[in-house]
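The structure under discussion appears below in the form of structure tokens.
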Amino acid sequence: MTGEQKKKYNYWQWRTLIVLMLGYAFYYFVRKNFSVVMPALEAELGITKVQLGLFLTLNGIIYGLSRFANGFLADRFSRRKLMASGLFLSATANFFICFSPAMDSFVDVLDTEGKATLALVYIIGSVWVLNGYFQGMGVPPCMSLMAHWIKPQELATKQSIWNASHSIGAGLISVICAFILDHYGYSAWQMCFAVPASIAVVGAFVLLFALKDTPSSVGLPELEDMDDAKPQEEKKEVELTGGAFKQFISRLVFRNPIIWILAVSNFCIYVVRFTILDWGATFLTQYKGMEISHAGSVVAASEIIGGIAGMLIAGWFTDRFMKSRAHRTCLFCTIGATLSFFLFWKTPADMNWLSSVFLCLSSFFVYGPQALLGIAASNQATKHACATANGILGVFGYASTTVSGLGFGYLAQHFGWNAVFMVSVIVGVIGSLVIATMWKAKADGYEKAEKVLAEIGHKDS
């Protein structure tokens, strides 16, 4: 690769990374706004915790299935179009929820006291579940694009930078929605859907016009051609199309035990993560006695300060000290997240500053594995199947909402928040034990992939 090509490659790599960060932060604007507005929906519309928990559970399940389905698409088709379309459709769903009470002119969605009828509960719940599918169009293109633009030995560090978009998006929307509800009251809950949706529409067009799918689409060599002296013609003998693609996916993903260990670990860490992210504003106000503005600020701090710092340090630590073995860092982080959340639970309610510190520490450790488990899956499945592998992790991760959504909503309403915290800590302990089983695994699957590609090429020749 010439000096001019290297300069151009660095420009496009960082441009892609920054645009993906911005775009996925906007995905969170029209996704995690719901978590902050839940106390208002409960107070203004009378929607119960069980119903809200059901919304979260169904949304999460559909989201996980969507990530799996769109993982196949992202490995085969235009990633930028897929990601831009998902963000636009998600914004549309938020606009629909915002204006859903106006349907009272046509169908009874509000009772005489202004509370939601069962019809409005069904409408909001159904649209939010549909939004789960649209949201699932975000991560697979990101994973595939980064695997095409970033070398495996740099992926933990640089993808962790991208992963900060989760915390940036969730943190900023927590501040925005908390500000709206604090200054205008819970009756302004509709603004918490309209404002983020407006921003997301702009973001969708940014994604569409600012991203490029592969280095070759801007006249650059692909990653494997940059450091390898082999002629390109030799590398093109085996192409992952049709039956070859299915064989590769089967060997590197579906029949790869490491992917399934990572998936189960993802389930556990997401239970802890969603306990904080989905219910944080609610249990901080109801269990710790904070004002909504204070609770929103604490959740935002745990995301922006704790989450971003946790991801960046975890990614750097993995490449610097763990020789890119992301799963080893995940073990340390899962243990830290579980312990921190346990200490948050046991902190007295009159010590809000200490509760806030432990909640931020929980996010600090949670976002290490939240980022690195996906990176580990990308490296194990290689760039050819990373979106599919991460789709499996997505199914398991968001299947966790059966616990953190409906399950925790039921526990909180009938047994109190102590039951929720206890189950979350137990799941964290299980996650630590599961990820520990792959301590000796290799950093990536590219050596295995070469053998599989050679076999496929031999069979197809």
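Which lysines, if any, have their Cα less than 19 Å from the Cα of residue 346, not counting same-chain residues under 8 positions apart?
288
Under a Cβ-Cβ limit of 4.7 Å, which cysteines in the chain have nobody to pair with?
98, 142, 268, 330, 333, 360, 386, each lacking another Cys Cβ under 4.7 Å.
By how many nm would the segment from residue 285 to residue 429 grow when fully extended, if each residue of separation counts as 0.36 nm and the alpha-carbon distance is taken off? Don't skip to the end; give the middle numbers.
On the way: separation 144, 0.36 × 144 = 51.84 nm, distance 2.66 nm.
Gain in length upon complete extension: 49.2 nm.
Please sort through the DSSP H helices of the chain and keep those with an alpha-carbon extent of at least 24 Å along the long axis and a Kyte-Doolittle average not below -1.0.
Once both thresholds are applied, what remains is 3-29, 49-76, 79-98, 118-135, 152-184, 191-210, 257-286, 326-346, 352-381, 417-436.
Want the number for residue 112 to residue 187: 0.36 nm per residue separation, take away the alpha-carbon distance, what's left?
Numbers: separation 75, 0.36 × 75 = 27.00 nm, distance 1.61 nm.
Stretched fully, the residue 112-residue 187 segment lengthens by 25.4 nm.
When only DSSP loop residues count, what chymotrypsin sites (Phe, Trp or Tyr not before Pro) in the stretch 392-461 have their Cβ near at most 15 other Cβ atoms within 10 Å? Can you show the working numbers first?
Values: sites: 396, 398, 408, 410, 415, 417, 421, 439, 446; in loops: 415, 439.
Answer in residue order: 415, 439.
Taking the Cβ of each residue in 182, 350 as the centre, tally the other Cβ atoms inside 10 Å and list the residues starting with the fewest. Don't skip to the end; give the middle numbers.
Values: 182 17, 350 9.
Arranged by neighbour count, lowest to highest, 182, 350 become 350, 182.
Per 0.36 nm of contour for each residue apart, how much would the distance between residue 205 and residue 10 grow if the chain were fully extended, relative to their Cα-Cα spacing?
Separation in residues times 0.36 nm, less the Cα-Cα distance, equals 67.9 nm.
Going by a ≥ b ≥ c, the root eigenvalues of the Cα gyration tensor, does the stretch 8-122 fall in the rounded group (a/c under 1.5), the prolate group (a/b larger than b/c) or the oblate group? All intermediate terms of the calculation are to be shown ahead of the outcome.
Numbers: a/c = 2.62, a/b = 2.42, b/c = 1.08.
Prolate is the answer for the stretch 8-122, as a/c is 1.5 or above and a/b outweighs b/c.
Read-outs throughout are calculated quantities, based only on the coordinates presented, and are distinct from any laboratory measurement. Please read all numbers here as calculations on a predicted model, not as lab measurements. Quick reminder, even Gly has a Cβ in these numbers, built from the backbone with ideal geometry, and neighbours come from all protein chains shown.
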